[in-house]
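I have placed the structure first, in the form of structure tokens, so that the comments after it can refer back to it.
The values are calculated or read from the model by the stated rules, or taken from the named source; none is laboratory data. Remember, it's a predicted structure, so these values are computed and weren't measured experimentally. Here the Cβ positions follow ideal geometry from the backbone for every residue, glycine too, while neighbour counts run over all protein chains shown. Please note that ligands, DNA and RNA were not included when accessible areas were found on the heavy atoms of the full protein model with its side chains. Shrake-Rupley method; radii C 1.70, N 1.55, O 1.52, S 1.80 Å.
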Amino acid sequence: IKDQAHLYMSALNISAANIYVYIENFSISHFSNALCLENLAFPLSNPVSIILLIKRSAFNNNSSPKSGAAIFINLKANRVFKILVQIQFCSLTNNTSQLHGGAIYVIFGYQNVGLTKNVLVAVKKSQFRNNIAGFSGGSAHFGTSIVSQFTECLFYYKNSIISTIQLKHIKGIFLYSRGTISVNATSFLFLFGLLAKYVSIVHVIPKEIQD
């Protein structure tokens, strides 16, 4: 899918065990779960291979009554062969979710712990501005057994877009992870004033607590 100004059908419902999606030069705005990738009928015994590549695209002013206003990924499978999500040179701005992951929400159900290395979300040279969630991960929320990597990214947030009470209760204004997360050559810019000491920027749940 390339060179589109708007995406009118925003959901991708998976019915096959293997899928490859490539998106480039898209501008997607004013949707609920602008890009929705979820399986409705996977045979749980089948291995799954999914590759999602997103380049030079913009996700702006999307909203969701639940999670992942810009990119929502919720997949269930008993055996995972390979899941790769790459986001490069993208802009995600003013996306709002009432629950988790203001811009991005990625979770995989029915997982085996040993499959962690096969589930990767890699974000490079992308910008996240004023994305917010009601409970966790203002920019992104990642579930258990997911490896997420952020390289040369920019996160920016100004607290005037949300009330002081809400801000103090969000776990991870920028990022929230129940898996493994790495951040390299990435900037976090925020205007919190006196609230800075109360704010959780990146929130990671240690494995011993999860167990």
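When the stretch 11-29 is limited to residues that are among the hydrophobic types (A, V, I, L, M, F, W, C) and assigned to a strand (DSSP E or B), the one that is modelled with the lowest pLDDT turns out to be ALA11. Looking across the stretch 143-158, the residues that are without any contact (Cβ under 8 Å) to a residue 40 or more places away in the chain and not basic (Lys, Arg) come down to GLY143, SER145, VAL147, GLN149, PHE150, THR151, GLU152, CYS153, LEU154, PHE155, TYR156, TYR157.
Residues of the stretch 30-59 that are modelled with pLDDT of 90 or more, part of a strand (DSSP E or B) and open to solvent by 40 Å² or more (accessible area, probe 1.4 Å): LYS55 alone.
Please verify whether LEU189 is surrounded by fewer than 19 Cβ atoms within 10 Å (Cβ to Cβ), modelled with pLDDT of 90 or more and either in contact with a Gly (Cβ under 6 Å, 6 or more places away or on another chain) or over 22 Å from PHE31 (Cα atoms) (or both), treating the condition exactly as stated. For LEU189, the condition - surrounded by fewer than 19 Cβ atoms within 10 Å (Cβ to Cβ), modelled with pLDDT of 90 or more and either in contact with a Gly (Cβ under 6 Å, 6 or more places away or on another chain) or over 22 Å from PHE31 (Cα atoms) (or both) - is not met.
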